[in-house]
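Just below is one structure, and these are the notes that go with it.
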Amino acid sequence: MNSLLNHIGNANTIDDVIEQLDEIISMSNKTKSKLGYFASLYRLVTIKVKVGILNNQFEDGTRMERLDVNFANFYLKALKNYLNGEPVSLSWQLAFRHAENRQSILLQHLLLGINAHINLDLGVAAAKVCQGTDILSLYNDFMKINSILASLVDEVRDDMDRISPWIGFLDHVDPKASKAIINFSLEKSRNYAWDFAKKLAVANDSEWEALIKVHDNEVASIGNMVARPSSWMLKAGLWAIRFRESKNIERNLDLLNHTRFETISTDGIQL
């Protein structure tokens, strides 16, 4: 992965973000790294946002691109720092370490990345783009990003089933297992992120570091529930799922990136 470090930098456009995600996925494929799992999901999210901007689905497309790029840079910087052995937030440290942990299943990888990026990064990115009371004007577009993510989790479910054929076993262990493993729904997650964005946007610059640190601790605590569930029944269920889950990282990445080389067309615009 070290050769990837030269390619990860500060993105300036959505196209920059997609290009860097492609690099992460490609290098993950070559090095057989599970770090590419979240990058694969995130690439699909970014493409959906780009399509939405081109089709005027957001209230302010220019502002949305600024938000999307700011948002993505938190992930790109966190990954680069992690690979460099430099400090990262507790939330991302948890997600990246478990991406390299053989005991974690695909669902845990994705949820830990979503936890760090939405519950921590999205609120900070939104507050940077719209400081003060301007943050309120961002509400509708802010929520659309989360809706896009929720829809993509459903879209990749078939691929997840092929990679992890016993994932449905969680429902037999506990009918509410999906909530038990993550302890929050995507809807609750986006409301949680929005509340933090509003709090940060009206705070003084001198207060940001302390507020983010406290929030990071809270988000990492949520992530720990995903990474290390306390229920012995859930632990047993995860063990069974892991036993049947594909260990072929190259194949898994190919499945998660089934739209990677497809042409996406939006009113004559080729992406």
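The values are calculated or read from the model by the stated rules, or taken from the named source; none is laboratory data. Predicted model only: the values in this text are computed from it and were never measured. Heads up, the Cβs are rebuilt from the backbone with ideal geometry, glycines too, and the neighbour counts pull from every protein chain shown.
Please work out which one of (1) within 28 Å of ASP134 (Cβ to Cβ); (2) buried (at least 18 other Cβ atoms within 10 Å of the Cβ) is the condition ASN56 fails and give its number. All conditions are met except number (2). Checked against the criterion of being of a type outside the set (Asp, Glu), within 24 Å of ILE163 (Cα to Cα) and free of Cβ contacts under 8 Å to residues at least 12 places away in the same chain, the stretch 111-118 contains not a single residue that satisfies it. Selection of the stretch 22-62 for residues being in a loop (DSSP other than H, G, I, E, B) and in contact with a strand residue (DSSP E or B) (Cβ under 6 Å, 6 or more places away or on another chain) yields only ASN55. Taking the stretch 64-149 as the region of interest, the helices (runs of 4 or more DSSP H) fully inside it that hold 3 or more residues being at pLDDT 90 or above are 90-99, 123-129.
Looking across the stretch 214-271 at every residue that is of a type in the set (Lys, Arg) and part of a helix (DSSP H, G or I), the one that is modelled with the highest pLDDT is identified as ARG251.
When GLY61 is tested against (1) touching a residue at least 24 places away in the same chain (Cβ under 8 Å); (2) surrounded by fewer than 19 Cβ atoms within 10 Å (Cβ to Cβ); (3) over 18 Å from the mean Cα position of the chain (by Cα), just one condition goes unmet, and that condition is (1).
A single member of ALA116, ALA39 is crowded, with 24+ Cβ neighbours inside 10 Å and closer than 16 Å to GLY9 by Cα, and it is ALA39. Against the test of being small (Gly, Ala, Ser) and surrounded by fewer than 23 Cβ atoms within 10 Å (Cβ to Cβ), the options GLY132, GLY123 yield a single qualifying residue, GLY132. Close Cβ contacts (under 6 Å, 6 or more residues apart or on different chains) running from residues in the stretch 79-96 that are of a type in the set (Gly, Ala, Ser) to residues that are assigned to a helix (DSSP H, G or I) and surrounded by fewer than 24 Cβ atoms within 10 Å (Cβ to Cβ) comprise SER89/ASP216; SER91/ASP216; SER91/ALA220.
Per the conditions (1) touching a helix residue (DSSP H, G or I) at 6+ places or on another chain (Cβ under 9 Å); (2) modelled with pLDDT of 90 or more; (3) polar (S, T, N, Q), the sole criterion not satisfied by ASN56 is (1).
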